[in-house]
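Encoded as C-alpha cells, the structure appears first; notes follow it.
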Ligand code: HEC
Ligand code: HEC
C-alpha cells in the first residue's frame, strides 16, 4: 500500500489540521497557562518559517480550547530577544515581538476572516476582513479578554535573561455569529485559521502554524489557512483524570428507564435538554464527570440550583449513573468486539480507506483525519458513517466535476469558493486553484465521496474488525 504523504511537500495542498478540545474546567485569563486544561491540550504543532532568512529559528507552542461561550487561544513563545514598544490600540504591533491569529469561521468562505495581533506588552490590533463588514480599517471585537507576559509595561527592551513569553486570550463565540454555521460551534464543525508569529528586532523571522507557500506572500493568505475541527466530548486526554468511562451495559439500560420515569419533569426524555434542566448527554459541557460526582449530584441534589435530592434507592441511582455514562461514552470507551489488527488490514488494503483518510500522519486528506475518531464519535455514528449514505454531502466536503476552458477535467471537493475563484482538492489529494474564468463547466455532485456502503462491500466480520480498529483510535495524553 503506497502511502500518500509526500504530496504535502510537493504542492500547495499542505495545510495544517488540528482538533480543538473542549475544556470542562474554567480558564482564568492571567497569562499563566497553569490550568490542567491547558496542560492537557495538544499543541498545534511546530510552526513553519515561511520566509526564513537567517538567525535562530525560535519555536512557538500554540494551543486552542473551547467551551459553550468562548474560543481560547494560547501562545508560548521561545524568544531570547524580546522587545515591544507600541502602546496605541490598533497600532502597528507587528513591528514588535507579536503573535497573531486569523480566524475564518466559515470554511467555504475563508476570505471572511477576523484578526487578533498582540505584542509582548499587551497592545492589540484587530481587523475584520469579511465582505459584509462596513466598519473602517480596524475592528472592535466584543468581550475579548487577554493577557501577555509583559502586559501593561511602558516598553520591553531586549534583555540577557529573555527566554520566553506568553499570551493567553479568550474570544466569545458571538463575535463569529455572522460567518459561523453555529455559535457556539457544534461538535464536528470545521473552521479555517492560521496562527502566526512575527516581529522583534533580533531573529525577526516570520513563522506560522499552517505553512504559507509561494506564490502566496504574506500572513493575509486565507488560501493557506489550516483546518480546525471542534471536538466534543473532550478527547480522551482532556477528560478528568484521563480515564476512560466505564459502565455496565445492563445497568445503563435499566437506568434509562428509571431516568425517563423520574427525572423528565425538568430534564428532557432520553437525556435531552428539558425546559428546566440541562442535557445530560454529549452536546453540552458537563460539570460532573466521575461516577462519584454524578452519584452525589443525583442522591443529594446540587445546592443553590433547582436540582433536587432524589428519593430513589441507591441501587437505582447507580443505574442512572451508568445511563448518564452511556450517553456520554464515545467509541473508545466501549470494548468494541472484533480483531483490530485485521481491521487495520481492511482499512489499508481491501477498503482503501487511507486513500482518502489520514490516520496517525499517513494517508490522504480528502476525508477527515481519523486519528482520534474513537474519542470524537460514538460507535453508532462511526457505523453510520460507513453504512448509511448521507442525504447531502456535509459542509466542507462538496464534491464537484470540473472541466476547464483548456479542456482538462477532474473531480474533487470544493474547499473554498470565492466570486472569482475556486479551490478544489482533487482526487489526487492536490489543491487546484482555479479562476472562475478558467472554468468551462462545474457540476456539484449530489453524493458525498465517502462510500457509505461498506456493509455490502465488506463481509460482516471485516466490518466488525474495522469498527474494532476505528473505535480504538484515540490520541493519547501527552
Ligand atoms: C426540579 C427539576 C429537576 C429534577 C426533577 C431533576 N433535575 Fe437534574 N438538574 C436540574 C438542574 C436545574 C440542573 C443544573 C444544575 C446546575 O446548574 O449545576 C440539574 C443537573 C443535573 C445533573 C448534573 C449535570 C452536570 O453536568 O453537572 C445531573 C447528573 C442530573 N441533574 C441528574 C438528574 C437525575 C438523574 C434526575 C432524576 C432522578 C434529575 N436530575 C432530576 C433540575 C432537575
Ligand atoms: C474516496 C474517498 C473516501 C474513501 C475511500 C473513504 N472515505 Fe471516509 N470519508 C470521505 C469523505 C470525503 C468524508 C467526509 C464527508 C462525509 O462524511 O460524507 C468521509 C467521512 C468519513 C467518516 C466520518 C468522519 C467523522 O468525523 O464523522 C468516517 C468514520 C470515515 N469516513 C471512515 C472511512 C473508512 C473506515 C473508510 C474505509 C472503509 C473510508 N472512510 C473510505 C472520503 C472517503
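We did not get these values from a lab; they are worked out from the coordinates using the rules stated. Quick caveat, the model's predicted, so the values are computed rather than measured. Note: ideal-geometry Cβ built from the backbone for every residue, glycine included; neighbour counts use all protein chains shown.
In terms of the mean number of neighbouring beta-carbon atoms within 10 Å, the peptides 255-268, 130-143, 181-194 order highest first as 181-194, 255-268, 130-143. On a C-alpha basis, how far is the centre of segment 40-73 from the centre of segment 455-476 in Å? Whole number, if you could? Centre-to-centre (Cα) distance: 33 Å. Can you compute the label reach from residue 80? Point 7 Å from Cα along the Cβ direction, backbone N cut-off under 16 Å, restricted to segment 148-182. Of the residues in segment 148-182, 158-165 have backbone N under 16 Å from the label point off residue 80. Spacing of the modelled spin labels on residue 447 and residue 134, each 7 Å from Cα toward Cβ, amounts to 4.6 nm.
Kirkwood radius and radius of gyration were both taken over the C-alpha atoms of the chain, and their ratio Rg/Rh is 0.99. For the chain, DSSP calls about 90 percent of its internal beta bridges antiparallel. With the gyration tensor restricted to C-alpha atoms of segment 398-444, the semi-axes of the equivalent ellipsoid amount to 14, 12, 9 Å, longest first.
Taking 1.567 mPa s as the viscosity and 4 °C as the temperature, the Stokes-Einstein diffusion coefficient of segment 14-232 based on its alpha-carbon Kirkwood radius rounds to 75 µm²/s.
The ellipsoid equivalent to the alpha-carbon distribution of segment 69-169 has semi-axes of 27, 14, 11 angstrom, derived from the gyration tensor eigenvalues as √(5λ) and listed largest first.
Between the C-alpha center of segment 147-194 and that of segment 307-348 there is a gap of 35 Å. List residues of segment 167-184, by number, whose backbone nitrogen lies under 19 Å from a label position 7 Å along Cα→C-beta of residue 395. From segment 167-184, the list is 172-184. Suppose only helical runs count, i.e. DSSP H with n ≥ 4. What mean residue ellipticity at 222 nm does that imply for the chain under -39500 (n - 2.57) per run, divided by all residues and rounded to the nearest 500 deg cm²/dmol? About -4500 deg cm²/dmol.
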